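Remarks on the structure that follows.
The values are calculated or read from the model by the stated rules, or taken from the named source; none is laboratory data. What you are looking at is a predicted structure, and each value in this text was computed from that prediction instead of being measured. Cβ atoms come from the backbone with ideal geometry, glycine included; neighbour counts cover every protein chain shown. To get the accessible areas, we keep the full protein, side chains included, count just its heavy atoms, and leave off ligands, DNA and RNA. Shrake-Rupley method; radii C 1.70, N 1.55, O 1.52, S 1.80 Å.
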Amino acid sequence: MNEIIRKRKSIRKYDPAPLDAAALDAVRVQIGKLKPLYPDIKYSIEFTTKTNGILGVKAPHFLIFGSEEKEGSYENIGFIGQQLDLYFSANGLGACWLGAAKPGEKMESALPYVIALAFGKPAEPLHRELSVFKRKPISAISEGNDPRLEAARLAPSGVNMQNWYFIADSGKIHCYRKKPNPLAALMLGKMGCIDLGIAICHIATESGNFNFSKNPNAPQRKGCIYAGTVS
């Protein structure tokens, strides 16, 4: 498994000092290399130093994600943003998804705001041992055998809900999100879709060749909403 997936963690304490221009330019270069899950969905990523929210994280930098609203847009943002999360972790920087945050200043993009990602130099240990992860057992989130499922299991999710399900079948992985109960739907909103995109990013990282599309022969899973199939 990818070394960074095995040890990444969400960082909530940061050195308040801003990154230098070279480090921020490197992030901009990385943004230019991102591969979307849905290439036809328009999205935006902007830098800011200020966000608002009841569960705010004090960090020197934030990335603000916007997207047009259409089927798959939130999964797309999760997929894109997690590539940056893994990039930060691999390059000595911390990052943390902020589902409850809002932009603290007017953004340039006219696309609707989706979510924010804090980042900067960590003021706590950047990585953790695999044994420290608190995750559901693989049998609770999947069926079938595919080594990439373990990478999906280790993905971060809103309040650690791990609200996804996968069915592995002959090299394919059918991806679902669990239908939330009314309380979870009220609390998490779009996070279930974003979280699934994050987990699919981990599967993509473990895949030599990656393709994601709707499969008309994908099995139905009671209590779940089908998103697409990795092949």
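Laid out as a table, the results:
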item: Among the candidates Glu46, Glu108, Glu68, residue that is charged (D, E, K, R), more than 23 Å from Ser207 (Cβ to Cβ) and under 17 Å from the mean Cα position of the chain (by Cα); result: Glu46
item: Region 202-231, residues that are of a type in the set (S, T, N, Q) and either open to solvent by 70 Å² or more (accessible area, probe 1.4 Å) or in a loop (DSSP other than H, G, I, E, B) (or both); result: Ser207, Asn209, Asn211, Asn215, Asn217, Gln220, Ser231
item: Exclusive hit being of a type outside the set (Lys, Arg), farther than 15 Å from Arg6 by Cβ, touching a strand residue (DSSP E or B) at 6+ places or on another chain (Cβ under 6 Å) and in a helix (DSSP H, G or I), set Gly197, Gly192; result: Gly192
item: Tally, over region 73-109, of residues that are closer than 23 Å to Val159 by Cβ, touching a Leu at 6+ places or on another chain (Cβ under 8 Å) and not charged (D, E, K, R); result: 16
item: Matching residues, region 9-68, being aliphatic (A, V, I, L, M), assigned to a loop (DSSP other than H, G, I, E, B) and under 17 Å from Asn91 (Cβ atoms); result: Ile11, Ala17, Leu19, Leu34, Ala59
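Per-residue answers, yes or no, for (1) under 27 Å from Arg148 (Cα atoms); (2) open to solvent by less than 50 Å² (accessible area, probe 1.4 Å); (3) touching a residue at least 40 places away in the same chain (Cβ under 8 Å):
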residue: Gln30; (1), (2), (3): yes, yes, yes
residue: Thr51; (1), (2), (3): no, yes, yes
residue: Phe62; (1), (2), (3): no, yes, yes
residue: Ser67; (1), (2), (3): no, yes, yes
residue: Glu71; (1), (2), (3): yes, no, no
residue: Glu75; (1), (2), (3): yes, yes, yes
